Amino acid sequence: MSGVPNLKLNNGVEIPQLGLGVFQVPPEQTEKVVATALEVGYRSIDTAAGYRNEEGVGAAVRASGLPRDEIFVTTKLANSDQGYDATMRAFDTSLAKLGLEFVDLYLIHWPLPARDTYVQTWKAFEKLYADGRVRSIGVSNFQVPHLQRLFDETDIVPVANQIELHPNLLQAELREFHAKHRIVTEAWSPLAQAQILDVQPIAALAKKYGKTPAQIVLRWHIELGNIVIPKSVRPSRMKENFEIFDFELSPDDVEVVSALDNGQRTGPDPDTFNMA
Ligand code: NDP
């Protein structure tokens with residue numbers, strides 16, 4: 001029993017509320033890192049074509065001996081592959097690298113509004129979904145106007161939007177919009193890349209609950225209903241980040257963490273980010 005709850009997506013598919021992110025995990029280490037995570041109990045892995053480590057993720061999933069339907073695999077379309085035909089080709093490449101027959105969740109990595117290709121890209125995602133090659137389709141780093149445009153010009157509502165979200169960046173407007181439209185909020189850099197772990201209010205809560213600062217921050221996400229995908233290559237931290245389902249933060253303490261919101265990003269602004 002892992003204790004990790006599943007959240008139901010708007011198409012009925014279930015996703016574990018906690019997974020392992022593998023951004024910046026070196027390709028040659030990825031199989032081992034993911035194998036360790038699966039041993040710890042993680043059943044959801046978040047990769048991307050752009051991370052160049054899909055091979056290692058797939059190898060670990062295939063070697064785990066676990067039934068394929070017990071592991072939730074997310075990958076993302078590289079920015080350079082946006083557009084209908086390019087997306088179809090890129091998906092084949094990702095699947096081949098993973099060595100899997102399907103992915104559980106396929107995400108548009110960034111909206112790249114200046115390029116204006118995300119609507120066509122989403123239509124390719126809809127086709128992949130209709131063909132049963134992905135179990136669910138979603139987006140990442142989309143702002144409200146980008147989501148609104150998908151609603152206006154395409155048929156399927158994304159199951160999830162994976163956005164930068166941590167105590168310094170509460171994303172209140174997007175989370176409210178997601179809730180209204182049955183889009184699950186996935187938090188990337190949920191620990192703000194470990195930059196917020198030593199701030200005083202979090203250290204104080206760690207002491208109060210007998211938990212580590214990372215566990216306090218991850219539990220805060222769980223209380224908000226977010227999916228979290230913390231990254232670590234260290235087995236001890238993977239375990240630490242996994243052990244957040246045996247306690248709860250009080251509503252007042254959730255507010256204490258939320259009060260750290262200062263709008264500060266660790267990553268790029270989706271409205272202007274335009275990198276291939
Ligand atoms: P995180 O907030 O998960 O922080 C990761 C950093 O924190 C690493 O340096 C890690 O070091 C350290 N760390 C992890 N656990 C602990 C702990 N318990 N105590 C102290 N330090 C800890 O940042 P990421 O940017 O990696 O985001 C997580 C995932 O989100 C990514 O791996 C990726 O899957 C996804 N992501 C998606 C993006 C998108 O555009 N959609 C953009 C960025 C990330 P160490 O490994 O040495 O333990």
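If the segment from Asn6 to Ser236 were pulled out straight at 0.36 nm per residue, it would be longer than the present Cα-Cα gap by 80.4 nm. If you wrap the tightest convex hull around every Cα atom of the stretch 94-167 and split its volume per residue, you get 110 Å³.
When both the stretch 114-150 and the stretch 24-84 are represented by their alpha-carbon centers, they are found 21 Å apart. Put simply, the stretch 20-139 fits an ellipsoid with semi-axes of 25, 15, 11 Å; these come from the alpha carbon gyration tensor as the roots of five times its eigenvalues, largest first. If you take all other residues with their beta carbon under 9 Å from the beta carbon of Gln215, and give Lys and Arg +1 and Asp and Glu -1, the sum is 0. Structure remark: mean-square fluctuation, Gaussian network model of the chain, C-alpha springs under 10 Å; the largest value among Gln195, Gln264, Gln82 belongs to Gln195.
Local charge for Asn274 was computed over the other residues whose Cβ lies under 13 Å away, with Lys and Arg +1 and Asp and Glu -1, and equals -2.
Relative to one another, the C-alpha centroids of the stretch 174-188 and the stretch 218-276 are positioned 15 Å apart.
Short-range pairs are left out: with C-alpha atoms under 8 Å and at least six residues apart, the relative contact order of the chain is 19 percent.
Rounded to the nearest 20, the size of the Cβ-charge dipole of the chain about its Cα centre is 420 debye, with Lys and Arg at +1 and Asp and Glu at -1. In straight-distance terms, cross-link reach from Lys239 covers every one of the lysines whose alpha-carbon lies under 23 Å from its own, apart from those fewer than eight places away in the same chain; here that gives Lys32, Lys207, Lys208, Lys211, Lys231. Site pair Glu14 and Glu255 shows an inter-label distance of 3.4 nm when each label is modelled 7 Å from Cα along Cα→Cβ. Given the options Tyr51, Tyr84, Tyr209, state which has the largest fluctuation in a GNM of the chain using a 10 Å cut-off (strictly under) for Cα springs. Looking only at Tyr51, Tyr84, Tyr209, the largest GNM fluctuation is found for Tyr209.
Using the heavy atoms of the protein chains and a 1.4 angstrom probe, tell me the accessible area per residue for the stretch 39-194 in square angstrom.
38
Measuring nothing but alpha carbons in the chain and taking Rh as the Kirkwood radius, the Rg to Rh ratio lands at 0.95. Cross-link reach is defined here as a Cα-Cα straight distance under 18 Å, omitting same-chain residues fewer than 8 places apart; for Lys97 the aspartates and glutamates meeting it are Glu28, Glu31, Asp46, Glu54, Glu55, Asp81. When the Cα positions of Ala49, Ala78, Pro26 are compared along the charge dipole of the chain, Pro26 comes out farthest toward the positive end, with charges on each C-beta of Lys, Arg, Asp and Glu.
Here Lys123 is the anchor, and the lysines within straight C-alpha reach of less than 17 Å, apart from those fewer than 8 places off in the same chain, are Lys76.
Among Val25, Val217, Val144, the largest mean-square fluctuation in a Gaussian network model of the chain, built with springs joining Cα atoms closer than 10 Å, belongs to Val144.
The values are calculated or read from the model by the stated rules, or taken from the named source; none is laboratory data. What you are looking at is a predicted structure, and each value in this text was computed from that prediction instead of being measured. In this analysis, Cβ positions are derived from the backbone assuming ideal geometry, glycine residues included, and neighbour counts consider all displayed protein chains. Side chains are part of the model used for accessible areas, which takes the heavy atoms of the whole protein and leaves out ligands, DNA and RNA. Shrake-Rupley method; radii C 1.70, N 1.55, O 1.52, S 1.80 Å.
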